[in-house]
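Engineer: My questions all concern the structure below.
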Amino acid sequence: MSAPLELYVFVENRVGRKGVPIARSFERWAQAAADGRRHGLTQLNIVLFDAKAARALNKQYRGKDYATNVLSFPYEAMAGDTSGLLGDIVMCPAVISREAREQGKNARDHYAHLTVHGVLHLLGHDHETGRDAVKMEAIERRVLAGLGISDPYVAR
């Protein structure tokens, strides 16, 4: 049996370090979300944007005029492409920090949850229907529990 593929995670921070986890943390969370769920996919990119840029992206790609916490952009490979790129995740630290405070969550745990959530979107999961949401949330809970992080859907 061959060793599992390592997922290379490239983090580009456009907002500064204050309150933002280190790149190795994002790598660990993304790897945990992708383990056993990808086939030949070896790279993903995470970009941290300010609220203005996150709002513009959310409006452009989802038609929603507010800064959101995380957006996922799956890579659509051309025929014969062997890049192994899974896709891009865009995160907004300002929104993530605010949500963590408002929800009484540890900010680092919230980053972990949203990283896992974003990777699952890149892998084809969604939460558009109740059934899909239940399935995706169950995977998130299982991955986060494996990382020692409590259930993000329990009211605090």
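Just so it is clear, none of the values below were taken in a lab; they were calculated from the coordinates. Being a predicted model, the structure only gives us computed values, none of them experimental. Neighbour counts are summed over all protein chains in view; Cβ atoms, including those assigned to glycine, are modelled from backbone coordinates with ideal geometry.
Engineer: Given the options Ala54, Ala67, Ala138, which has the most mean-square fluctuation in a GNM of the chain, springs set between C-alpha atoms less than 10 angstrom apart?
Structural biologist: It is Ala138.
Engineer: Output the direction-averaged projected area (hull surface divided by four) of the convex hull of the alpha-carbon atoms of the range 11-89, in nm².
Structural biologist: Dividing the Cα hull surface by four gives the mean projection, 6.2 nm².
Engineer: Another question, if that's okay. With a cut-off of at most 14 other beta carbons within 10 Å, and DSSP calling the residue loop, which trypsin sites (Lys or Arg not before Pro) in the range 20-90 qualify? Please list them. Walk me through the intermediate numbers first.
Structural biologist: Numbers: sites: Arg24, Arg28, Arg37, Arg38, Lys52, Arg55, Lys59, Arg62, Lys64; in loops: Arg37, Arg38, Lys64.
Here the trypsin sites (Lys or Arg not before Pro) that fit, given the DSSP loop and packing criteria, are Lys64.
Engineer: Quick one: compute the contact order of the chain, relative version, from alpha carbon pairs under 8 angstrom and 6+ residues apart, as a percent. Mind dumping the intermediate values first?
Structural biologist: Working: 237 pairs, mean separation 36.0, N = 156.
Contact order relative to length: 23 percent.
Engineer: Taking GluC sites (Glu not before Pro) as exposed when DSSP calls them loop (any state but H, G, I, E, B) and at most 13 other Cβ atoms lie within 10 Å, what is the longest stretch of the chain free of them, the sites themselves excluded?
Structural biologist: With a cap of 13 other Cβ atoms within 10 Å, the longest stretch comes to 7-75.
Engineer: OK, next. With both bridge residues required to lie in the chain, what share of the DSSP beta bridges run antiparallel, to the nearest 5%? Mind dumping the intermediate values first?
Structural biologist: Numbers: 5 of 17 bridges.
Bridges in the chain are about 30 percent antiparallel.
Engineer: Using Cα positions and a limit of under 23 Å, work out the lysines in reach of Lys135, with same-chain residues fewer than 8 apart set aside.
Structural biologist: Cross-link targets: Lys105.
Engineer: Projecting each Cα onto the charge dipole of the range 8-146 (Lys/Arg +1, Asp/Glu -1 at the beta carbon, about the Cα centre), which of His110, His125, Ala54 comes out farthest on the positive side?
Structural biologist: Result: His110.
Engineer: Counting Lys and Arg as +1 and Asp and Glu as -1, what is the net charge of the other residues whose Cβ lies under 12 Å from the Cβ of Gly146?
Structural biologist: Net local charge, Gly146 excluded: +1.
Engineer: What range in the chain is the longest one free of chymotrypsin sites (Phe, Trp or Tyr not before Pro) that are in a loop by DSSP and have at most 13 other Cβ atoms within 10 angstrom?
Structural biologist: It runs 67-152.
Engineer: Per DSSP H run of at least 4 residues, take -39500 (n - 2.57); add these up for the chain, divide by its residues and hand me the 222 nm value, nearest 500 deg cm²/dmol. Each step should come with its number before you reach the end.
Structural biologist: Details: 5 runs with 68 residues, N = 156.
Rounded to the nearest 500, the figure is -14000 deg cm²/dmol.
Engineer: Same structure again: Choose one answer from Met136, Met78, Met91: the residue with the largest mean-square fluctuation in a GNM of the chain with alpha-carbon springs under 10 Å.
Structural biologist: Comparing Met136, Met78, Met91 in a Gaussian network model of the chain, the most mobile one is Met78.
Engineer: Roughly how large, in nm² to one decimal, is the mean projection of the convex hull of the alpha-carbon atoms in the chain?
Structural biologist: 10.3
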